[in-house]
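Asker: Below is one structure. I have some questions about it.
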Amino acid sequence: MAKDKVCGPKVSGRLQDANSFHVMSLMAEAKQLDALGHQVIHMEMGEPDFSTPQPIIEAGIESLRSGITHYTPTLGLPALREAIANFYQKEYRVTVDPEQIVITPGSATALQLVLNLMVSDGDAVVIPDPAYPSTHNLVRLLGGKVLQIAVNEDSSWQLTEELLEEHWNDAINAVLLASPSNPTGTILEDVQLQKIADFCEAKGVFLLVDEIYHGLVYGQAPKTAVSLNDNTFVINSFSKFYGMTGWRVGWIVSPKAYLEDLNKLAQHTFLAAPTPGQYGALAAFNSDTQKILLSRRDEFKARRDYLYEALADLGFKMHVKPQGAFYIYADCSEFCEDSYKFVCNTLREKHVAFTPGVDFGVTSAKQHVRFAYTTNLENLKIGVQRLAELKSKA
Ligand SMILES: Cc1ncc(COP(=O)(O)O)c(C=O)c1O
């Protein structure tokens, strides 16, 4: 029998400060329209439309067929930790001890683990506004405070050392950034990354860099933040570039001094990342898989180039071309005063789905929407055509 909510047990007070993603209810509405037989153009999805490359699928299945169904060690399958360490050597010429790699169920859990390590009651964490929304919710759930620093196109929607200096206070214990960013797709320049790392070191605070979209950069590859100093953590994942969202495998590159703490936290949080996922991920670095992934990256680049130009022609303002991920954060003030209403109307009238700015922050939220080019070029063209019709009607 359903419990009477008024008399039932009390839910944690901290949860009341946490928000759900607005995009989830929009996605549910879009799915309902799909089910009714409408052709909805999905540009709200933060995951690749491509399925997992076949060699990864085969490796996952093979592990299950061989009876490998038990827990791996808490910090991850040794062979996968080694493969990831080799990846840093090959890709970035950065030497990492495999011991520094902690395998997690997706980078969402990596984020949770690292924030648990960094945040005590009252500690403040700096997050750019706009940013991926789970971060502020997790910080608040841990009893921390979020200091959102508004960024804009002048700094490619990224934090700068100058902004940190301007907003600094003694409660801050960590700075968090993502490059390329969700929702803007923009990257932090190598020089600025180094400046921020040096600044955090001088202040004696942690730096956490989310590099989940590093594999999806369409020009000059940025430097990794791994090994920039002794208090910098990097998180990454097999979800986006590797096309493994549903397998739930991510990782942390941690300074050695914090591994024991992370091990303790991981034991009590998730015990071990999914075993078939970890075996599948081992095949992500094979040359066959890499060929597939690189051709998908070319496809994403072609989609970005098309959509960026098409949205600009329609009157969306971007000012800075996103260099990575699969997102375009566009100023929609030509179309509406409130981006949330704009998103709802466009879905209902034109069956085109994308995400309102309110999911990512405060300052620029009402004037911005996020388009995800996680659908093929043909669909993107239909979406653009429908937006043009909407504009000519207005
Ligand atoms: C910036 C960023 N970090 C982390 C995540 C979490 O991804 P996952 O847990 O699938 O690795 C996402 C997902 O959209 C993201 O955009």
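The values are calculated or read from the model by the stated rules, or taken from the named source; none is laboratory data. Since the structure is predicted, the reported quantities are computational estimates derived from the model, not experimental observations. Neighbour counts are summed over all protein chains in view; Cβ atoms, including those assigned to glycine, are modelled from backbone coordinates with ideal geometry.
Every residue, every condition in (1) within 30 Å of V352 (Cα to Cα); (2) within 16 Å of the ligand (Cβ to nearest atom); (3) modelled with pLDDT of 95 or more; (4) under 19 Å from the mean Cα position of the chain (by Cα), yes or no:
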| residue | (1), (2), (3), (4) |
| --- | --- |
| A273 | no, yes, yes, yes |
| F285 | no, no, yes, no |
| T289 | no, no, yes, no |
| R297 | yes, no, yes, yes |
| K301 | yes, no, yes, yes |
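Asker: Next question. Looking at D313, D331, can you tell me which residue is surrounded by fewer than 24 Cβ atoms within 10 Å (Cβ to Cβ), touching a helix residue (DSSP H, G or I) at 6+ places or on another chain (Cβ under 7 Å) and either among the β-branched types (V, I, T) or more than 18 Å from E91 (Cβ to Cβ) (or both)?
Answerer: Checking each option against the conditions leaves just D331.
Asker: Then there is this: Name the single residue, out of those in the range 101-112 being surrounded by fewer than 24 Cβ atoms within 10 Å (Cβ to Cβ) and part of a helix (DSSP H, G or I), that is nearest to the ligand (Cβ to nearest atom).
Answerer: A108
Asker: Would you confirm, using the coordinates I've provided, whether Y308 is closer than 30 Å to T363 by Cβ, in a helix (DSSP H, G or I), of a type in the set (S, T, Y) and free of Cβ contacts under 8 Å to residues at least 40 places away in the same chain?
Answerer: yes
Asker: Any idea which of I56, I41, I103, I68 is in contact with a strand residue (DSSP E or B) (Cβ under 8 Å, 6 or more places away or on another chain) and farther than 30 Å from L207 by Cα?
Answerer: On inspection, the qualifying residue turns out to be I41.
Asker: Looking at this structure, is A266 farther than 17 Å from I84 by Cα, more than 16 Å from the ligand (Cβ to nearest atom), modelled with pLDDT of 95 or more and assigned to a helix (DSSP H, G or I)?
Answerer: no
Asker: Same structure again: Failed condition for L207, given (1) in a strand (DSSP E or B); (2) within 26 Å of L293 (Cβ to Cβ), with all others met?
Answerer: L207 satisfies all of (1) in a strand (DSSP E or B); (2) within 26 Å of L293 (Cβ to Cβ) except (2).
Asker: Scan Y132, Y88 and give me the residue that is within 26 Å of M244 (Cβ to Cβ), not in a helix (DSSP H, G or I) and not polar (S, T, N, Q).
Answerer: That would be Y132, the only listed residue that is within 26 Å of M244 (Cβ to Cβ), not in a helix (DSSP H, G or I) and not polar (S, T, N, Q).
Asker: If V126 satisfies all but one of (1) within 14 Å of the ligand (Cβ to nearest atom); (2) of a type in the set (A, V, I, L, M, F, W, C); (3) out of contact with any Asp or Glu (no Cβ under 8 Å at 6 or more places or on another chain), what's the number of the condition it fails?
Answerer: Failed condition: (1).
Asker: Look at L159 and say whether it is outside any loop (DSSP other than H, G, I, E, B) and on the phi < 0 side of the Ramachandran plot.
Answerer: When the stated conditions are applied, L159 does not pass them.
Asker: When only residues in the range 166-181 that are more than 16 Å from the ligand (Cβ to nearest atom) and in contact with a helix residue (DSSP H, G or I) (Cβ under 8 Å, 6 or more places away or on another chain) count, which is farthest from L207 (Cα to Cα)?
Answerer: For the range 166-181, the residue satisfying everything is W168.
Asker: Give the range 67-85 a look and list any residue that's touching a Leu at 6+ places or on another chain (Cβ under 8 Å), of a type outside the set (G, A, S) and in a helix (DSSP H, G or I), or say none.
Answerer: L80, R81
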